[in-house]
Amino acid sequence: MDSPSSTTRIGTRSSMIDSFRGCGLSGIRIDKEELKRTVSIPEYLRTAMLDSIKQKEVAACQRHSVLAENDVDTPDAPLVVFINSRSGGRYGPELKLRLQQLMGPEQVFDLSDVKPTEFVEYGLGSLEKLGELGDLCAKETREKLRVVVAGGDGTVGWVLGSLGELNRQCRDPVPPVGVIPLGTGNDLARSFGWGGSFPFAWKSAVKRTLHRAGAGPICRLDSWHITMQVPSGEVVDPPYSLKPVEECSLDQGLASEGELPEKVNSYEGVFYNYFSIGMDAQVAYGFHHLRNEKPYLAQGPISNKLIYSGYSCTQGWFLTPCMSDPSLRGLKNILRLYVKKVNCSEWEPIPVPKSVRAIVALNLHNYGSGRHPWGNLSPEYLEKKGFVEAHADDGLLEIFGLKQGWHASFVMVELISAKHIAQAAAVRLEIRGGEWSDAYMQMDGEPWKQPMSTDYSTLVEIKRVPHQSLMVSGE
């Protein structure tokens, strides 16, 4: 074992409890009409938001201001829902219809029709505009508003990132977010008490979810800004959450070990759960391509997990010690790792263990569909290693390594902890090819293949976003 754990089986038991919670087996009976009165936004405000979004013009809401009556009651817990109707297998369209029945239909936004950035700019903008014109109901609705996301971790991250623009624009308050888990892993949903799977008793469970989303306490979540600088000319096909930018500012306090090119391409993005490099990302990349080529194989979370497990066996991870292919050897061959520890301004080089084939920088406690690879570490071990207990809002990433597939399998069933490497307030990776032509990376479940130069270094830098995201606790 790489480390002692104070309670090896607590994580496994918690995962089982999360599954039951997700199945809607707990909670009180919610009256449908009472729920509708609590979460429904007045019709004239719903129409004002929708008109502004459709016309992409905040001023389009002003014609509704004359319809507002001073005695219109503000709902106790106004909600809007974003749904990825293509998630959740066949349940996506049915869930959308159910949500529209439980609140105003204009409060349910299908992400294929309305992007969260459009809602932030025009939908919330219309409430703010009407509030400025003296509409008290619009003003209070904007202040009380909460958001529910029905989708997987990627969808939740997309909405959180869009809402984060409110911080940068000084448009307070930022609505907190609850989750209906429709994805495969659902680690964000698990981490905040929303369960790890779409409930089989979903019609009654949806009512309880909306009730909890409107009344639950608010928690904080760190988000992490990633900057990547690659040699110009290298073709990169990044995920949608990693955007090309004209230039990026890397920390100049750390000199690169390898040579840097004169011309570079730069990318920026944000993640909430994890960033990883190595074999786990390679398996995820292959699985995503297989699923896109043969979508009939992936009909839901269970089939996805079975196919993912089988695919990982075909990629050579389990036979790594017997292989001579350099692409299956340790990351030490291509990677230099530096971290800034808490309350420290200096970069510190961290040795990459020779046996490690994948390195993960983890923000949440949950990873890989509710697993706890960092482990529940004893106070004695934390003190010995100079670590602190991990939390989603502590300003630190837990960096750990996975060896060959057998080691990763034992970690995922929580028989052992992962290879603990560091806790960090900032991370710098310097990557150069050598015999390798490509590296594989992923963040929050979105993998990509990163071409590498044999002559120049690729730099990846991770720092915490100053403003934390707000989540509604489902517990």
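Residues in the range 107-133 that are in contact (Cβ under 8 Å) with a residue 12 or more places away in the chain and small (Gly, Ala, Ser) were compared, and the one that is nearest to PRO93 (Cα to Cα) is SER112. Cβ-Cβ under 9 Å, sequence separation 6+ or interchain: first residue in the range 244-267 and more than 19 Å from VAL427 (Cα to Cα), partner of a type in the set (D, E, K, R). Which pairs? Between residues of the range 244-267 that are more than 19 Å from VAL427 (Cα to Cα) and residues that are of a type in the set (D, E, K, R), the close pairs are PRO244/GLU268; VAL245/GLU268; GLU259/ARG432; GLU259/ASP455; PRO261/ASP455; VAL264/GLU247; ASN265/GLU234.
Pairs linking a residue in the range 333-347 that is in contact (Cβ under 8 Å) with a residue 60 or more places away in the chain to a residue that is surrounded by 15 or more Cβ atoms within 10 Å (Cβ to Cβ) and polar (S, T, N, Q), with Cβ atoms under 9 Å and 6 or more positions apart or on different chains, are ARG336/SER256; ARG336/SER457; VAL339/GLN423; LYS341/GLN423; VAL342/GLN423. Among residues of the range 83-99 that are open to solvent by 20 Å² or more (accessible area, probe 1.4 Å), those with a Cβ under 7 angstrom from a residue that is at pLDDT below 75 and of a type in the set (Gly, Ala, Ser), sequence gap 6+ or separate chain, pair up as GLY89/GLY300. Cβ separations smaller than 7 Å between residues 6+ apart or across chains give the following pairs from the range 32-55 residues that are closer than 16 Å to ASP76 by Cβ and in a loop (DSSP other than H, G, I, E, B) to residues that are among the β-branched types (Val, Ile, Thr) and modelled with pLDDT of 95 or more: ILE41/THR141. Taken together, GLU262, GLU257 contain a single residue that is assigned to a loop (DSSP other than H, G, I, E, B), touching a Lys or Arg at 6+ places or on another chain (Cβ under 6 Å) and more than 19 Å from MET441 (Cβ to Cβ), which is GLU257. Residues of the range 434-474 that are more than 19 Å from the chain's Cα centre (by Cα) and outside any strand (DSSP E or B): GLY434, GLU435, TRP436, SER437, MET452, SER453, THR454, ASP455, TYR456, SER457. Being over 19 Å from THR38 (Cα atoms), in a helix (DSSP H, G or I) and open to solvent by 50 Å² or more (accessible area, probe 1.4 Å) is a description that does not apply to GLU143.
Let's see how each residue does on (1) within 28 Å of GLY185 (Cα to Cα); (2) assigned to a strand (DSSP E or B); (3) among the basic types (Lys, Arg):
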| position | (1), (2), (3) |
| --- | --- |
| LYS332 | no, no, yes |
| ARG336 | no, yes, yes |
| CYS344 | no, no, no |
| SER355 | yes, no, no |
| LEU364 | yes, no, no |
| SER369 | yes, no, no |
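Results for (1) surrounded by 15 or more Cβ atoms within 10 Å (Cβ to Cβ); (2) under 22 Å from GLY151 (Cα atoms); (3) within 27 Å of the chain's Cα centre (by Cα); (4) modelled with pLDDT of 85 or more, shown as yes or no for each residue.
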residue: SER15; (1), (2), (3), (4): yes, yes, yes, no
residue: GLU34; (1), (2), (3), (4): no, no, no, yes
residue: ALA48; (1), (2), (3), (4): yes, no, no, yes
residue: ALA59; (1), (2), (3), (4): no, no, no, yes
residue: HIS64; (1), (2), (3), (4): yes, no, no, no
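Within the range 121-128, not a single residue is of a type in the set (Asp, Glu), open to solvent by 40 Å² or more (accessible area, probe 1.4 Å) and not in a helix (DSSP H, G or I). Quick check on SER204: is it under 25 Å from PRO181 (Cα atoms) and at pLDDT 80 or above? When the stated conditions are applied, SER204 does not pass them. Within the range 361-370, does at least one residue satisfy the condition of being closer than 18 Å to ALA424 by Cα, touching a helix residue (DSSP H, G or I) at 6+ places or on another chain (Cβ under 8 Å) and at pLDDT 90 or above? Yes: the range 361-370 contains one or more residues that are closer than 18 Å to ALA424 by Cα, touching a helix residue (DSSP H, G or I) at 6+ places or on another chain (Cβ under 8 Å) and at pLDDT 90 or above. Residue check: is CYS137 surrounded by fewer than 22 Cβ atoms within 10 Å (Cβ to Cβ) and over 30 Å from LYS263 (Cβ atoms)? Answer is no for this residue. Considering VAL156, VAL72, VAL114, the condition of being closer than 27 Å to LYS32 by Cα and open to solvent by less than 10 Å² (accessible area, probe 1.4 Å) is satisfied by VAL156 alone.
The values are calculated or read from the model by the stated rules, or taken from the named source; none is laboratory data. Since we're looking at a predicted model, the values are computed, not measured. In this analysis, Cβ positions are derived from the backbone assuming ideal geometry, glycine residues included, and neighbour counts consider all displayed protein chains. For the accessible areas, the whole protein counts, side chains as well, though only heavy atoms, and no ligand, DNA or RNA atoms are used. Shrake-Rupley method; radii C 1.70, N 1.55, O 1.52, S 1.80 Å.
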